[in-house]
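In what follows, a structure is listed as structure tokens, so that the remarks can point back to it.
Just so it is clear, none of the values below were taken in a lab; they were calculated from the coordinates. What you are looking at is a predicted structure, and each value in this text was computed from that prediction instead of being measured. Here the Cβ positions follow ideal geometry from the backbone for every residue, glycine too, while neighbour counts run over all protein chains shown.
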């Protein structure tokens, strides 16, 4: 899914309750911006080849026992701050 995105687009992965999440934005052809929001708040600029290893560690930390996740497609960086309804 991430390979098909054009540069300002991205994906946001949220827990079922929408209180924790990971946002991934494509900055250019080889660089991604990964923003973690949940147990820890962090932001990473990372190359495409390093993305799977980082996502694995973030998913274990943010969604340790989650079986249901919500995935939203983002059209740009301004969609990151859009409030999501919490359950």
List the residues of region 60-78 whose backbone N lies under 13 Å from a point placed 7 Å from the Cα of residue 16 along the Cα-to-Cβ direction. 64-70
Considering Cα pairs under 8 angstrom that are at least six residues apart, work out the relative contact order of the chain and quote it in whole percent. 35 percent
Convex hull volume per residue in cubic angstrom - Cα atoms of the chain: 89 Å³
Rounded to 10°, Cα long-axis angle of helix 51-62 versus longest principal axis of the chain: 10 degrees
Relative to the compact-globule estimate 2.2 N^0.38 Å (N residues), the Cα gyration radius of region 41-87 stands at a ratio of 1.35
